[in-house]
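The values are calculated or read from the model by the stated rules, or taken from the named source; none is laboratory data. The model shown is predicted, which means the values in this text are computed figures rather than measured ones. Cβ: placed from backbone, ideal geometry, glycine included. Neighbour counts: every protein chain shown. Heavy atoms of the whole protein, side chains included, go into the accessibility calculation; ligands, DNA and RNA do not. Shrake-Rupley method; radii C 1.70, N 1.55, O 1.52, S 1.80 Å.
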Amino acid sequence: MPDIDRSDPPNKRLNHRAPNAMSRLSICVYCGSRPGELPAYSEAARRVGHEIARRGWQLVYGGGRAGLMGVVADAALAAGAPVIGVIPQSLMGRELGHRGLTELHVVQTMHERKMMMAERSDAFLALPGGIGTFEELFEVWSWRQLGYHDKPLGLLNAAGYYDALLAFLDHGKTHGFMSAQQTELLQVDVEPLPLLERLAKLAPLASGPDDYRRI
């Protein structure tokens, strides 16, 4: 499978989507490039990948083969789902790219990576991960708040990994830096199946068009 280069200028994109016209739901998954300490994290990633395939959906993710990234991609591929990876050239140079994907897009910058992943997706889901996963989730959440897109967002709190983060978000509300309206944009569950079901119900309500030109 050849790598696919991306050359569109990232600041000139307006993604038009017809409401309720999705032929195949495309889920963007953010997760760690490490497996984490608990087997429950990898099991959650496997279940997400398998369920995406079982439902006839498509996986979009960061294109890596290590950690939970590789687990979710391999599970989706093994169950028959198309898997789209987007990875910067710098990480391909470290031989971290997954060569067995349906599509592997190699881009020049992290910003291009995140932009393309957003454009190719109908919903976003964060699994356990580190600072890269945190940054991706909060950025796409802030894009939603600013009106650059109106796609649903999910957080899978596998094995209670995000308990402390969720408590801190409540802390932010208590101290007046976040609103209930903002936090309600994030769908949270400890189990993959009900969370994916909620994202599937919300995704067709996104009317677009997505506008990433101001980012």
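Some observations on this one:
- Highest to lowest packing among 97-105, 185-193, 53-61, scored as the average C-beta count within 10 Å: 53-61, 97-105, 185-193
- Rounded to 0.05, the FRET efficiency of the Asp211 and Glu37 pair, given R0 = 41 Å and the Cβ-Cβ distance, is 0.55.
- Cα gyration tensor category, rounded, prolate or oblate, for region 16-127 with a/c compared to 1.5: oblate
- Share of carbon and sulfur in the accessible heavy-atom surface of region 101-215 [1.4 Å probe, %]: 58 percent
- Of the complete DSSP H runs in the chain, those spanning 18 angstrom or more by Cα along the long axis with a mean Kyte-Doolittle score not below -0.5 are 131-146.
- Given the alternatives (1) 0.94; (2) 1.03; (3) 0.99, Rg/Rh (Cα atoms, Kirkwood Rh) as computed for this entry is given by (1).
- Descending principal axes extents, region 54-109, alpha-carbon based, whole Å: 33, 18, 14
- Full extension of the chain segment joining Leu146 with Leu193 gains 14.1 nm, where the gain is 0.36 nm per residue of separation less the Cα-Cα distance.
- Shape summary of region 85-208, radius of gyration then Dmax from alpha carbon positions: 15.6, 47 Å.
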